[in-house]
1. Within the range 38-47, does at least one residue satisfy the condition of being surrounded by 14 or more Cβ atoms within 10 Å (Cβ to Cβ) and not in a helix (DSSP H, G or I)?
2. Please verify whether residue 22 is touching a residue at least 24 places away in the same chain (Cβ under 8 Å) and either in a loop (DSSP other than H, G, I, E, B) or under 16 Å from residue 56 (Cβ atoms) (or both), treating the condition exactly as stated.
3. Hey, among the residues in the range 91-122 that are touching an Asp or Glu at 6+ places or on another chain (Cβ under 9 Å) and not in a strand (DSSP E or B), which one's modelled with the lowest pLDDT?
4. Among the residues of the range 73-85, is any within 29 Å of residue 137 (Cβ to Cβ) and polar (S, T, N, Q)?
5. Tell me which residues, restricted to the range 49-86, are out of contact with any helix residue (DSSP H, G or I) (no Cβ under 8 Å at 6 or more places or on another chain), of a type in the set (Val, Ile, Thr) and assigned to a loop (DSSP other than H, G, I, E, B).
6. Give the residues of the range 64-89 that are over 16 Å from the mean Cα position of the chain (by Cα), touching a residue at least 24 places away in the same chain (Cβ under 8 Å) and under 19 Å from residue 16 (Cβ atoms), sorted by residue number.
7. For residues that are surrounded by fewer than 20 Cβ atoms within 10 Å (Cβ to Cβ) and of a type in the set (Asp, Glu), scanning just the range 73-97, find the one that is farthest from residue 46 (Cα to Cα).
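The values are calculated or read from the model by the stated rules, or taken from the named source; none is laboratory data. The structure presented is a predicted model; accordingly, all values stated were derived computationally and were not measured. All Cβ positions, glycine included, derive from the backbone under ideal geometry; neighbour counts span all protein chains shown.
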Amino acid sequence: MTIDRDAVTKIVTPEQLTARIAQPAAERLRAIAALDALPQLAETLDSQNLSWGLTGAVGYELATGQPVCHTASDIDVLLRVPRPITRLAAREMIDSLAALAPRCDIQMETPLGGVALADWAADNDQVLVKSDQGPFLYADPWREAPPVQSACYAAGN
């Protein structure tokens, strides 16, 4: 689907949606765990001193006001991480969010592309980096170096 540029009336970034966390009506908060957990999520992520925002169904609902979240909705988060964080810090962040009722799917945006926070927190030699050039396996998603190999090649495709 293509939308004509002139049809766009407003652009909202994931980070701007954090200001709308208190927006859903009380009955939506009671019914949807993902919406109800947003204040606690915000408190945890704000303490990390990193830029973050909401995407996925929760982000869409906050951006449009349309009730698209359902009882099984998770919380999709974009975490902008221009400088390296340790794997320990990633694990601690995941542990601090584990108490939330809905699952949190956190994607870090690094200089080389998107990386799942859970992948970085794991003790793997490489992580999948989703870049504008395709998916690649990197040992360090912050260091500009050739990728270890294309993730498609590594998977045998």
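1. At the first step, the residues of the range 38-47 found to be surrounded by 14 or more Cβ atoms within 10 Å (Cβ to Cβ) are 38, 40-42, 44-45.
Still in the running and not in a helix (DSSP H, G or I): none.
No, every residue in the range 38-47 fails to be surrounded by 14 or more Cβ atoms within 10 Å (Cβ to Cβ) and not in a helix (DSSP H, G or I).
2. Working: touching a residue at least 24 places away in the same chain (Cβ under 8 Å): no; either in a loop (DSSP other than H, G, I, E, B) or under 16 Å from residue 56 (Cβ atoms) (or both): yes.
No, not satisfied.
3. 101
4. Within the range 73-85, the subset within 29 Å of residue 137 (Cβ to Cβ) is 74-85.
Now narrow it down to the ones that are polar (S, T, N, Q): none.
No - not one qualifying residue is present in the range 73-85.
5. Answer for the range 49-86, where residues must be out of contact with any helix residue (DSSP H, G or I) (no Cβ under 8 Å at 6 or more places or on another chain), of a type in the set (Val, Ile, Thr) and assigned to a loop (DSSP other than H, G, I, E, B): 81, 86.
6. Once the filter is applied, which keeps residues that are over 16 Å from the mean Cα position of the chain (by Cα), touching a residue at least 24 places away in the same chain (Cβ under 8 Å) and under 19 Å from residue 16 (Cβ atoms), the range 64-89 yields 65, 69.
7. 74
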